[in-house]
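Take a look at the structure below.
The values are calculated or read from the model by the stated rules, or taken from the named source; none is laboratory data. All values reported here derive from a predicted model rather than from experimental measurement. Please note: Cβ atoms are built from the backbone with ideal geometry, for glycine as well, and neighbour counts cover all protein chains shown. Surface accessibility is based on the protein's heavy atoms, side chains included, excluding ligands, DNA and RNA. Shrake-Rupley method; radii C 1.70, N 1.55, O 1.52, S 1.80 Å.
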Amino acid sequence: MSNDNQNKTPDTVPTLSDEHEPVSRRTFLGTAALLGLSGAGLATGLAACKDGGKTASHGAAGSAEVLPGQLDTYYGLWSGGHSGEVRVMGMPSGREIKRIQVFNAPDAMSGWGITNESKKILGTRPDGSLKYNTGDTHHVHGSYKDGTYDGKYFWTNDKVHGRIARVRGELMECDKITELPNVQGFHGIFPDKRDPVDPKINYTTRVFCGAEFHIPLPNDGSNMGDDSKYQALFSCVDAETMEVRWQCKIDGNMDLVASSFDGKLAASNQYNTENGMMYANMMSAERDSCVFFNIERIEKAVKAGKVTKIPGSNVPVVDGTKAANKDPKTALTCYVPVPKNPHGVNASPDGKYFICAGKLSPTATVIDLAKVLDWFDGKHKDPRDTVVAEPEIGLGPLHTAFDGRGNAYTTLFLDSQVVKWNVAAAIKAFQGDKNAKVVLDRIDVHYQPGHLNASMSETKEADGKWLVVGCKFSKDRYLPVGPMHPENEVVIDISGDKMKTMHESPVHPEPHDFIIVRRDLIKTRQVRSLDEFPNATKDMGGSKVVRNGKKVTVHLTSAAPAFGLTEFKIKQGDEVTIILTNLDKIEDLAHGFAIPKYNINFIVNPQEARSVTFKADKPGVYWYYCTHFCHALHLEMRGRMMVERA
């Protein structure tokens with residue numbers, strides 16, 4: 001084994017101080033003139049920025065405008081749809097702040113799916129290539145503590161490949177991905193809000209996942225023609241380990257998922273209770289259902305070993321079908337009949353109700369969770385007795401949000417509207433009160449709204465300030481850009497009696513669901529520590545090339561505006577691993593790293609290390625360079641990789 005230190009950065013190259021003190025990028029750029037790296041105009045122009053950004057103030061019925069230099073009062077976490085990503089928005093401005101790479105790989109900007117670290121998270125085939133490079137994120141939900149968001153984790157689903165991903169709130173980066181066994185069309189997702197038994201566990205420990213498509217189990221090609229072998233499974237994933245704890249087979253399929261504030265119940269709306277394989281078969285029943293899961297009973301059954309296992313998977317599976325759960329007092333599941341083809345189930349912030357939107361029915365079904373628990377205790381014979389309201393609210397109701405004042409807001413796909421209605425009034429009307437005023441307001445949106453959410457909506461701290469509506473068609477709202485149109489997001493002020501549209505924004509197709517979280521609940525880390533990266537090189541002098549036979553490791557550092565090595569030599573046929581450590585401690589001072597003709601391009605943030613591995617199959621000189629603007633001498637930040645002929 002050799003240790004070859006090749007062409008390190010000379011001492012005369014201007015860099016930051018040896019200690020790399022943690023300062024802001026504005027401070028760094030503002031003092032660049034002292035290093036002779038920028039003109040007086042740049043330093044003067046940035047002097048006014050030293051105060052940093054101030055938080056915008058938005059009271060009731062306030063403006064959605066966030067002035068330059070001001071910060072939004074909410075984070076918005078958006079699914080990216082078939083882009084496979086999660087997006088971070090500032091609310092109420094609607095400004096896109098970040099795109100978090102999740103299932104979309106490879107990503108040329110960040111290197112997601114290119115670096116070894118990201119490949120480990122995404123999963124690879126035996127040859128080292130990515131197992132999947134597509135994804136379809138539909139829903140984003142956050143972890144809870146004491147009934148509200150705690151900012152620790154956010155989860156999203158991949159409908160196309162049946163995966164669940166976790167995003168660390170402090171970094172806004174994906175850190176784990178799990179592929180669910182025995183499912184396809186994983187659509188609905190929701191974390192629990194507390195443990196159903198232990199009162200000390202008042203935070204999220206489980207994430208529930210609903211499968212939309214039926215598949216033969218096992219799905220090994222042996223039962224494809226036998227529809228009776230097709231089933232859909234409800235999955236429970238451990239919030240910390242991201243391992244699948246258990247699955248529950250049911251009658252019908254699952255669309256979206258909700259969880260109760262007491263941790264006792266989870267539920268999913270069902271639009272295919274017939275287990276139909278084709279459209280016509282899915283429409284034959286008079287009603288569909290909202291299926292409820294008794295979490296405590298399911299986990300007792302798992303602990304008692306009352307499970308089966310599907311060949312090819314070690315996950316315990318309980319039986320939640322109607323035939324196996326006829327006695328409510330021992331049942332694991334409860335199927336509440338609702339109008340045909342429901343779309344969406346949402347939990348009211350007072351913890352009392354789940355609301356299923358009708359889609360094909362112009363109604364919203366209000367289900368009393370206390371009555372569901374009573375059904376499980378044998379106090380109701382008919383699950384339909386748990387329904388306490390079913391108001392007619394408009395055509396094509398899909399999803400519902402809440403303002404914390406007893407009002408619900410539901411998108412009407414066919415009407416291209418949002419309707420505001422009062423839950424208590426709907427219950428009174430269902431009981432026969434003809435004077436109850438259920439619908440309070442309507443507002444047009446453009447066009448065909450799908451998901452919506454309000455600020456802090458499905459938490460105990462729903463504040464009733466802002467509502468965002470995701471419209472599936474923008475049509476004529478923006479300049480034409482060819483056949484593919486953007487989606488349209490509408491921001492609405494709901495702080496008063498009447499809804500008021502504040503602004504619209506075009507968005508890259510095709511986001512689905514989202515949550516709006518108060519900014520004080522998410523505590524981000526702007527600069528990490530090298531101690532978190534075992535393969536990091538701690539100083540510029542540690543840059544080196546290490547050979548072990550045909551395997552070569554290049555330990556490379558960066559500190560603006562230079563790499564630790566100005567060149568290194570390898571041989572054709574070598575397996576090369578480059579570990580790049582960014583020694584800068586300046587917030588926002590990332591370095592990029594690209595090698596022409598080798599399909600390598602990735603980002604390393606301050607005080608982080610990332611690596612790539614490739615085969616040096618092309619002899620010659622290849623300039624590696626920083627792709628992410630970092631310094632007045634950014635263009636000079638490069639070096640030579642010299643590949644000698646075999």
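A straight Cα-to-Cα reach below 19 Å connects residue 465 with the lysines 420, 498, 500, residues fewer than 8 places away in its own chain not being considered. Here the label points at residue 414 and residue 503, each 7 Å from Cα along the C-beta direction, are separated by 3.5 nm in the simple model. Solvent-accessible area assigned to carbon and sulfur over the range 237-337 amounts to 52 percent, based on a 1.4 Å probe.
Just need the relative contact order of the chain here, percent rounded to a whole number, with Cα pairs under 8 Å and 6+ apart.
Working: 1793 pairs, mean separation 79.9, N = 646.
For the chain, the relative contact order is 12 percent.
Could you give me D for the range 421-488, from Stokes-Einstein at 37 °C and 0.692 mPa s, where the hydrodynamic radius is the Kirkwood radius over C-alpha pairs? Units µm² s⁻¹, please. After rounding, the answer is 220 µm²/s. Pairs exceeding 29 Å between alpha-carbon atoms, taken from 131/475; 131/306; 428/472; 120/523; 98/585: 131/475; 131/306; 428/472. Under a model in which nothing but the beta-carbon of Lys, Arg (+1) and Asp, Glu (-1) is charged, the chain shows a dipole of about 760 debye around its Cα centre. If you sort 205, 156, 124 by accessible surface, 1.4 Å probe, largest first, the order is 124, 205, 156. Shape summary: the range 515-646 maps onto an equivalent ellipsoid whose semi-axes, from the alpha-carbon gyration tensor, are 29, 15, 14 Å in decreasing order. One equal scatterer on each Cα of the range 91-186, no solvent, Debye formula: the resulting log10 I(q)/I(0) at q = 0.17, 0.21, 0.23 Å⁻¹ is -0.80, -1.13, -1.27.
At q = 0.07, 0.10 Å⁻¹ the log10 of I(q)/I(0) for the chain amounts to -0.52, -0.96, computed by Debye summation with a single uniform scatterer per C-alpha, solvent ignored.
Taking 18 Å as the cut-off, the amide N atoms of the range 607-632 that come nearer than this to a point 7 Å along the Cα-to-beta-carbon line of residue 566 belong to 621-626.
For the range 333-412, compute the number of Lys pairs whose alpha carbons are separated by less than 22 Å, excluding pairs fewer than 8 positions apart on the same chain.
8
Spherically averaged projected area of the convex hull of Cα atoms, the range 362-472: 7.5 nm². With a 1.4 Å probe rolled over the protein heavy atoms of all chains, the accessible area of 297, 645, 405, 163 falls in the order 645, 405, 297, 163, largest first. Of the beta bridges in the range 508-646, as assigned by DSSP with both residues counted there, near 65 percent are antiparallel. An ellipsoid equivalent to the range 185-264, defined through the eigenvalues of its Cα gyration tensor, has semi-axes of 29, 12, 10 Å when rounded to whole angstrom and sorted largest first.
Note on residue 447 and residue 175: their simple-model spin labels are 4.5 nm apart, each label 7 Å out from Cα toward Cβ.
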